[in-house]
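Readers should treat all values here as calculations from the given coordinates under stated rules, not as data from a laboratory. Since we're looking at a predicted model, the values are computed, not measured.
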Amino acid sequence: MEIEKIIKSYIPMTETAFYILLSLPIPRHGYGIIKHVEELTEGRLVLGSGTIYGTLTKMQRDGIITIYADEKRKTIYEITDVGKALMRHEMNRLRELHANAWKYKEEFL
């Protein structure tokens with residue numbers, strides 16, 4: 001799938017997809033992703049296995065992540081260059097969103 005189609009189908013990104021990809025510059029197995037997201041969000045976001053594995057399957061199909069087995073035959077997930085490009089687009093979008101929110105925060109106090 002070409003990057004423009006991927007960007008169109010993933011952005012704005014769900015929080016689940018964002019945190020999964022944020023966890024994958026380092027290869028991790030599913031449980032490792034779940035624990036990492038829980039740590040990053042200080043327990044606010046706890047991903048269920050149904051949610052995470054459905055998202056990982058779609059991401060693999062779209063070429064955003066790659067999957068392989070480690071020496072213990074556990075499934076390991078890692079972000080691809082396409083996934084990194086997707087994250088750069090989403091991070092730029094979030095940077096703009098954050099800047100604008102901060103610019104107008106006084107209006108909502």
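Filtered by the rule that a residue be of a type in the set (K, R) and more than 24 Å from K72 (Cα to Cα), the stretch 26-57 gives a lone residue, R44. Apart from one condition, I67 fits all of (1) farther than 21 Å from Y31 by Cα; (2) over 14 Å from the mean Cα position of the chain (by Cα); the exception is (1).
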